[in-house]
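Student: Below is a structure I'd like to ask you about.
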Amino acid sequence: MTLSDIQRLLAELETHPTRRLGQNFLHDQNLARSIVALLDIQPGDHIVEIGPGLGALTEFLATQSTRLTLIEKDSRLIAYLKSKFEHGTNRVFHADALDFDLRELWGDGPVKVIGNLPYYVSTPLIAKYASALSPASVLVLTLQLELAQRLGAPHDTSSYGAMTLCTGRRWDIRLERKLPASVFFPRPKVESAVITLRRKPRSKVKALDETIFESLVRRGFSERRKQLRNLLPELKNDWEKITTALGVTPTVRAEQLSPSQWESLTFTVAPSAAQHGAECFDVVDEFDHVVRSEFRDVVHVNNLRHRAVHMLLFNATGELYLQKRSIWKDRNPGLWDSSAAGHVDSGEDYLTAARRELQEELGIEAPRLTPFARLTPSESNGWEFIQTYRALHEGPFHPAPLEVETGAFFPMEKIRQWTSSNPHDFSPVFLEILKAL
Ligand code: SAM
């Protein structure tokens, strides 16, 4: 889209760029093409564009992707965007991207997000579209240069901060190129930059309690000039020992700790993941009678029959709360599953295990649990007798950070469509339970 295209289109639509909506339209076609190329679009990708505006990036997306979702806040542009881009499976939403329901984006294959973001809301937009509930695997974003530099800052620099650390935990962030103000109409007052966020593979994300990590980081950077020991008073008594172990001086400030040192600091406060191998389960025969007790690893390695529970929690409108399993789980990591689930411990009965798991995974007192299906052991369910329960619960839930990635209520219709279009997003046991529901 050239500058004269933009000016002609604005005249045809009898409109003008609005500063309140952060409207600076890109008029360099080569740049637009190269920004879109960063998405590395593959057949079947679902591309989500935040703020398509007059379509400077969209026109290059529309030729490639099999599915396009456009989210634009400016009502004056909607009819035009619909007429130009809404065909086939492409959809144009007249919405504030901050209010957009991310649950809409699940179930249509891999999601890639692109946006020349309105600068006034870039930070909350990144927080949302890079959150645990976002299905995106990559984000290609044009931002104010200063924000892009903060996101990708190395440690011990003035740009390095809470946003660098919290976003960098799960995403590889790369500043791709700077953009001068002259490539936009009207020209913004600041320089811009294109960045990519690519989701880190599981092996590159250390298992730790994210809520504690974020709390330490946010408090640590709340007053950059202050020494950390004064901002984290609960660690004062052990501070000498902690800083020695980290290899830094006790007078250290937040920006002097590298990302891995922040992770180590989190481990000292909250030692990581439970040692699952030490758990004991009852081994049962084909009639579900207890035969003996064995360590978890022995049970799994030898495919011994054992017991498990799955709980489905519905809200008053009949939506089901789905849990996205933590990426650090040894089985089905990162997959969507029942509201809560777990093994029955040695000596425990099914109902006690169900109540315990609801407490441990979602932080709730068990509501009245109604048993429904009972699955028998098979290779696909890991040789478990599974007792399922359903119950009514509106939340709020407090998912255990090391167990649960995220969770949300989804309409049953959406779940049925999603499980049939993308069954690999779900644990095999949940798919079996859904059939029995
Ligand atoms: N993508 C176009 C381009 O590159 O020329 C337009 C980019 S312009 C910087 C930002 C766009 O985001 C505008 O079209 C604006 O109306 C839209 N916008 C602003 N706030 C928004 C929000 N909260 N949700 C969705 N779109 C928004």
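Student: Can you give the translational diffusion coefficient of segment 101-200 in µm²/s, computed by Stokes-Einstein from the Kirkwood radius over Cα pairs at 20 °C and 1.002 mPa s?
Tutor: It diffuses with D of about 152 µm²/s by this estimate.
Student: Right, another one. Using unit Cβ charges (K, R positive; D, E negative) and no other charged atoms, how large, in debye to the nearest 20, is the dipole of the chain about its Cα centre?
Tutor: 1500 debye
Student: Please state the charge dipole magnitude for segment 252-400, taken about the Cα centre, from unit charges on C-beta atoms (+1 on K and R, -1 on D and E), reported in debye and rounded to the nearest 20.
Tutor: Approximately 260 debye in magnitude.
Student: For the chain, what is the calculated [θ] at 222 nm in deg cm²/dmol (nearest 500), taking -39500 (n - 2.57) for each run of four or more DSSP H residues and dividing by its residue count?
Tutor: -8000 deg cm²/dmol
Student: Under a plain spin-label model, where a point goes 7 Å from the Cα along Cα-to-Cβ, how far apart in nm are LEU13 and THR376?
Tutor: 6.2 nm
Student: To continue, here is another question. Take the alpha carbon atoms of the chain, find their radius of gyration, then divide it by 2.2 N^0.38 Å using N residues; give the quotient.
Tutor: This ratio for the chain stands at 1.13.
Student: Got a sec? Charge dipole of the chain, +1 on Cβ for Lys and Arg, -1 for Asp and Glu; which of LEU228, PRO367, TRP171 is way out at the positive end?
Tutor: LEU228
Student: Got a sec? Charge dipole of segment 140-271, +1 on Cβ for Lys and Arg, -1 for Asp and Glu; which of LEU143, VAL248, PRO154 is way out at the positive end?
Tutor: Most positive-ward Cα: LEU143.
Student: May I ask for the net charge around ASP40, where only other residues with Cβ less than 11 Å from the Cβ of ASP40 are counted and Lys, Arg are +1 while Asp, Glu are -1?
Tutor: Around ASP40, the surrounding residues sum to +1.
Student: At 0.36 nm per residue, minus the direct Cα-Cα distance, what do LYS226 and TYR120 gain on full extension? Give it in nm, one decimal, please.
Tutor: Result for the pair: 35.3 nm of gain on full extension.
Student: Can you tell me the Rg and the Dmax, both Å, for the Cα atoms in segment 282-397?
Tutor: 14.2, 43
Student: Now for a different question. Go through TRP239, GLN387, VAL36 and say which Cα lies farthest out towards the positive end of the charge dipole of the chain; charges sit on Cβ, +1 for Lys and Arg, -1 for Asp and Glu.
Tutor: Looking along the dipole axis, the top candidate is VAL36.
All of the numbers you see were taken from the coordinates with simple rules; none came from a lab. These figures come from a predicted structure and were not determined experimentally. For neighbour counting, all protein chains shown are included, and Cβ atoms are generated from backbone atoms with ideal geometry for every residue, glycine included.
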